[in-house]
Amino acid sequence: MAMVSYTRMADMTEADLRLINADADSDARELPGRLMNAVAELERFQGPLKVSRLEHSLQSATRASRAGKDKEYVAAALLHDIGDALAPHSHGDMVAAVLRPFVSERVC
Ligand SMILES: [Fe+2]
């Protein structure tokens, strides 16, 4: 993989900036896959509950879909707990920050 030429921001070149932007674009294209991996990871969390967080998330999205909610709402229902392990007291805010560029403020 190509690397930037600088160690101090003041030494960054135009070529470095193009390289960084291309990498950011690549990261953005891979976001859906990372989000689905985060949903799959919810299988590991269940605690004393009768269903895992994965099952809970699938139930939430299924119920939203059956209730006629739009795709943004269903996606948010599926993803709503992906931040629970890292932000147990503010995971709703965490996933809202992830979704904000892609969905309406109402869904966030
Ligand atoms: Fe939940």
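The values are calculated or read from the model by the stated rules, or taken from the named source; none is laboratory data. Since the structure is predicted, the reported quantities are computational estimates derived from the model, not experimental observations. Neighbour counts run over all protein chains shown; Cβ positions are idealised from the backbone, glycine included. Calculation scope for accessible area: heavy atoms of the full protein, side chains included, ligands and nucleic acids excluded. Shrake-Rupley method; radii C 1.70, N 1.55, O 1.52, S 1.80 Å.
Among the candidates L42, L49, L35, L31, single out the residue that is farther than 21 Å from C108 by Cβ and either of a type outside the set (D, E, K, R) or open to solvent by 60 Å² or more (accessible area, probe 1.4 Å) (or both).
Answer to the selection: L49.
If you check E72 against the conditions, is it open to solvent by 80 Å² or more (accessible area, probe 1.4 Å) and either of a type in the set (D, E) or within 16 Å of the ligand (Cβ to nearest atom) (or both)?
no
Hand me the list of helices (runs of 4 or more DSSP H) wholly inside the stretch 11-104 holding 1 or more residues that are in contact with a Gly (Cβ under 6 Å, 6 or more places away or on another chain).
So the answer is 91-99.
Among the candidates S90, S52, S104, which residue alone is without any contact (Cβ under 8 Å) to a residue 60 or more places away in the chain and within 12 Å of the ligand (Cβ to nearest atom)?
S52
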